[in-house]
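**Q** One structure is given below, represented as structure tokens, and several questions about it will come after.
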Amino acid sequence: RKEVEQDPGPFNVPEGATVAFNCTYSNSASQSFFWYRQDCRKEPKLLMSVYSSGNEDGRFTAQLNRASQYISLLIRDSKLSDSATYLCVVSAGMRFGAGTRLTVKP
Amino acid sequence: DTGVSQNPRHKITKRGQNVTFRCDPISEHNRLYWYRQTLGQGPEFLTYFQNEAQLEKSRLLSDRFSAERPKGSFSTLEIQRTEQGDSAMYLCASSLDRGRPPEAFFGQGTRLTVV
């Protein structure tokens, strides 16, 4: 079993849609969780950390479910500029999922 | 520029040659990570350092790969006897692990092509 597994995608959604990604992890001792965004041929960039109580940053909401060992990312009111690959990361050791590609269409 | 810096940005080498990449992390960051990424895949963990100590190395990593961080600052990743399957983007990231979620920041990567 992979340490971090993500929805396979790709997700193709119209502008304004709400889209959610899930990510499961195998190491129950993991303490830190993140979502990264990666544009084509660019390095990953931190989108947001994920806190136990859930957290929100504008249109983005991240949640953690320790009992079921998954994290999620919700994007509301999708913009064309949200098109990218979204990677979940589980620490310690900063393990990445394979990524989920999102394309937002006009 | 105070971000993570990687050199070279691109490297083309012949099969069987050795290559070495360098990563300069954000100063004061005590953790440094190396990843390999191929098209359509997420970054694959290779190894990470806490200061100068190499704390973990991927079991998938062959003995041809070695990494060092001798003074706890910059790091080098060496690949010996390169193979075509080593062609990938090699990414370095650094983070500060001190009482808060260790958010990692990436360099722009070194793209290796083995011909």
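The values are calculated or read from the model by the stated rules, or taken from the named source; none is laboratory data. Since we're looking at a predicted model, the values are computed, not measured. Ideal geometry is used to build each Cβ from the backbone, glycine not excepted, and the neighbour counts take in all protein chains shown. Protein only, heavy atoms only, side chains kept; ligands, DNA and RNA dropped before computing areas. Shrake-Rupley method; radii C 1.70, N 1.55, O 1.52, S 1.80 Å.
**Q** Going through B:Glu68, B:Glu103 one at a time, which residue ends up being under 17 Å from A:Arg95 (Cβ atoms) and surrounded by fewer than 21 Cβ atoms within 10 Å (Cβ to Cβ)?
**A** From the options B:Glu68, B:Glu103, the qualifying one is B:Glu103.
**Q** Out of the residues in the stretch B:14-56 that are away from chain A (no Cβ under 14 Å) and touching a helix residue (DSSP H, G or I) at 6+ places or on another chain (Cβ under 9 Å), state the one that is nearest to A:Met94 (Cα to Cα).
**A** Here the residue is B:Val19.
**Q** While we're here: Which one is modelled with the highest pLDDT, of the residues in the stretch B:71-100 that are under 27 Å from A:Leu47 (Cα atoms), open to solvent by 60 Å² or more (accessible area, probe 1.4 Å) and not small (Gly, Ala, Ser)?
**A** Selected residue: B:Arg98.
**Q** Quick check on A:Ala20: is it out of contact with any His (no Cβ under 7 Å at 6 or more places or on another chain), over 24 Å from B:Gly3 (Cβ atoms) and assigned to a strand (DSSP E or B)?
**A** Yes; evaluated as a whole, the condition is true for this residue.
**Q** Could you check the stretch A:69-98 and list, in sequence order, the residues that are farther than 15 Å from A:Gln6 by Cβ and modelled with pLDDT of 90 or more?
**A** A:Arg76, A:Asp77, A:Ser78, A:Lys79, A:Leu80, A:Ser81, A:Asp82, A:Ser83
**Q** Please enumerate the residues belonging to the stretch A:86-104 that are facing chain B (nearest Cβ under 8 Å) and either assigned to a strand (DSSP E or B) or among the aliphatic types (A, V, I, L, M) (or both).
**A** A:Leu87, A:Val89, A:Ser91, A:Met94, A:Arg95, A:Phe96, A:Ala98
**Q** Working carefully through the options A:Ser83, A:Ser78, find the one that is more than 14 Å from every other protein chain (Cβ to nearest Cβ), under 25 Å from B:Leu91 (Cα atoms), open to solvent by less than 50 Å² (accessible area, probe 1.4 Å) and among the small types (Gly, Ala, Ser).
**A** From the options A:Ser83, A:Ser78, the qualifying one is A:Ser83.
**Q** Can I ask one more? Take the residues of the stretch A:26-42 that are in contact with an Asp or Glu (Cβ under 9 Å, 6 or more places away or on another chain) and facing chain B (nearest Cβ under 10 Å): which is nearest to A:Gly93 (Cα to Cα)?
**A** Among those residues, the one meeting the criterion is A:Ser32.
**Q** If you don't mind, there's one more thing I want to ask. Search the stretch A:86-106 for residues being under 12 Å from A:Phe21 (Cα atoms) and hydroxyl-bearing (Ser, Thr, Tyr), and hand back the single one that is surrounded by the fewest Cβ atoms within 10 Å (Cβ to Cβ).
**A** A:Thr100
**Q** Next up: Would you mention how many residues in the stretch A:28-60 are in contact with a Leu (Cβ under 9 Å, 6 or more places away or on another chain), in a loop (DSSP other than H, G, I, E, B) and acidic (Asp, Glu)?
**A** 1
**Q** Scan the stretch B:77-90 and tell me whether some residue there is facing chain A (nearest Cβ under 10 Å) and either small (Gly, Ala, Ser) or assigned to a strand (DSSP E or B) (or both).
**A** yes
**Q** Okay, next question. Would you check which residues across the stretch A:25-60 are closer than 24 Å to A:Asp77 by Cβ, in contact (Cβ under 8 Å) with a residue 40 or more places away in the chain and of a type in the set (Ser, Thr, Tyr) and list them?
**A** A:Tyr36
**Q** Still on this structure, I have one more. Checking the conditions here, which among B:Arg100, B:Arg111 is under 21 Å from A:Gln38 (Cβ atoms) and facing another protein chain (nearest Cβ under 10 Å)?
**A** The match here is B:Arg111.
**Q** Now a separate question. Can you tell me which residue within the stretch A:61-73, out of those that are free of Cβ contacts under 8 Å to residues at least 24 places away in the same chain and in a strand (DSSP E or B), is surrounded by the fewest Cβ atoms within 10 Å (Cβ to Cβ)?
**A** Filtering the stretch A:61-73 for residues that are free of Cβ contacts under 8 Å to residues at least 24 places away in the same chain and in a strand (DSSP E or B), the one surrounded by the fewest Cβ atoms within 10 Å (Cβ to Cβ) comes out as A:Asn65.
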